[in-house]
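Q: Can you keep this structure in mind? I'll have questions shortly.
Quick note: the coordinates plus some simple rules give every number you see, no bench work behind them. A quick note: this is a predicted structure, and the numbers were derived from the prediction, not measured.
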Amino acid sequence: MCHVQDLCHNEFVLVQLPTASAPRVGTAFLPVADPAAAALWYADTFGFETVSVNEWSANLAGGRPGATLTLMGPDSGIQAEPGLPFSTHNFNVDDVEATRRLAAAGLEPTPIEGDPDTCLYFTVRDPDGNILLICDR
């Protein structure tokens with residue numbers, strides 16, 4: 001509801017404005033050199049389910065229903081190169097310490113930072129050099 005001035009009668013009238021729900025994020029995109037190889041790494045490291053893989057991209061599902069990750073290869077036409085120096089999204093995990101140990105198997109995660117009452121997090125680079133932000137909530 002909002003007040004709108006009726007200029008013809010010089011008074012304010014209450015009108016119902018249409019409500020629209022906020023858009024949902026459909027997927028996160030990451031540039032990778034080889035979608036099939038990257039899909040295997042994300043499945044092995046974080047437990048994502050591979051939905052589809054082709055020469056352009058790999059679509060992965062995991063976590064909440066509808067949450068997807070799309071790994072975009074060079075043939076997809078994506079304008080970004082693998083090795084993003086910032087995180088485009090975050091991964092929420094139940095146990096940040098266990099995931100850090102898993103990621104540490106061959107990678108170099110940052111120390112866990114944050115506040116246990118607010119959010120604990122760390123970053124790590126995937127095999128393509130993209131920075132991933134791992135959070136406990």
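Q: Any idea what the relative contact order of the chain is, in percent, if you count C-alpha pairs under 8 Å spaced at least 6 apart? Kindly include the intermediate steps, with their values, before the conclusion.
A: On the way: 246 pairs, mean separation 27.0, N = 137.
Once normalised by length, the contact order is 20 percent.
Q: Based on alpha-carbon centroids, what's the gap between region 101-131 and region 18-58 in Å, whole number please?
A: For region 101-131 versus region 18-58, the Cα centre distance is 19 Å.
Q: For the chain, find the longest principal axis of its Cα atoms and tell me its angle to the long axis of helix 35-46, 0 to 90°, nearest 10.
A: 90
Q: To continue, here is another question. Cα atoms only, the chain: Rg and Dmax in Å?
A: 21.2, 73
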